[in-house]
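In what follows, a structure is listed as structure tokens, so that the remarks can point back to it.
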Amino acid sequence: MQSLPDSPTDVRATSSLDDQDLLGLYERTRESCYLEELVRRYHGLVVSVVRSSLCEPHDIQDAVQATFLILVKSALKIQRRQSLAAWLHGVAYRTARRIRDRAKRERSTQDNSIHADELIASQESPLEQVIKKFQLDALDEELQRVRETYRAVLVEHYLLGKTAAEIAASCNMSQSTVEGRLRRGRQQLRMQMLRRGFGFSAAVAASSHILNTHNAS
């Protein structure tokens with residue numbers, strides 16, 4: 001437990017707290033600033049996850065807003081508070097899937113997989129973009145099937161760019177425990193991706209834009 005800020009207006013102190021402390025403070029005070037810090041912290045991650053399933057800007061915006069609305073409504077019920085990134089990844093993925101399915105029903109005559117203006121603006125070929133999109137979608141889906149303890153460290157490491165030492169410090173675990181979970185998680189995810197017809201390393205390489213989006217946010 002870190003040193004807690006004297007008041008919710010102490011922004012610098014609030015930003016230095018870990019997820020578990022922020023949720024605890026929100027539970028105790030009901031001050032929205034603690035949830036606002038979590039939204040700021042994970043906005044890039046959530047946007048990246050929903051973009052793997054959605055293309056329309058308003059659909060992406062709806063999915064991001066819905067994800068954080070679920071966080072607000074469920075903040076006091078989250079059990080594994082030290083694994084909030086993995087929890088948000090799952091919520092964002094499922095929310096984006098629901099919105100994508102709804103959009104397909106509403107726009108049955110449109111191709112919702114990728115837009116022409118996106119293809120023109122990118123330096124990648126249309127085929128490369130479609131393959132990458134399928135890889136990302138498969139990676140997000142298979143992450144939801146990985147054992148929770150492994151998924152938590154995989155999301156922190158690959159999607160948020162944290163080192164094993166950083167994950168260990170934030171989750172109160174030894175570095176060797178984190179490294180072991182990463183190793184076993186990679187093995188499980190690799191086998192799942194291979195069954196889908198994708199190499200795990202290729203899917204992780206395709207997800208590099210997630211780190212770029214998160215770091216730029």
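The values are calculated or read from the model by the stated rules, or taken from the named source; none is laboratory data. Note that this is a predicted model, so its numbers are computed, not measured. Using ideal geometry, Cβ is built from the backbone for each residue, glycine included, and neighbour counts are taken over all protein chains shown. These area figures cover heavy atoms from the full protein model, side chains too; ligands, DNA and RNA do not enter into them. Shrake-Rupley method; radii C 1.70, N 1.55, O 1.52, S 1.80 Å.
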- Are there GluC sites (Glu not before Pro) in the stretch 5-104 that DSSP puts in a loop and that have at most 16 other Cβ atoms within 10 Å, and which ones? E31
- Query: Accessible area of V72, 1.4 Å probe, to the nearest 10 Å²?
  - Reply: 70
- Treating only the Cβ atoms of Lys and Arg (+1) and Asp and Glu (-1) as charged, compute the dipole magnitude of the stretch 131-181 about its Cα centre; round to the nearest 20 debye. 60
- Item | Rel. contact order, % - alpha carbon contacts under 8 angstrom, at least six apart, the stretch 17-101 | 38
- Item | Gyration tensor verdict on the stretch 7-109 (Cα atoms; rounded if a/c is under 1.5, prolate if a/b is larger than b/c, oblate otherwise) | prolate
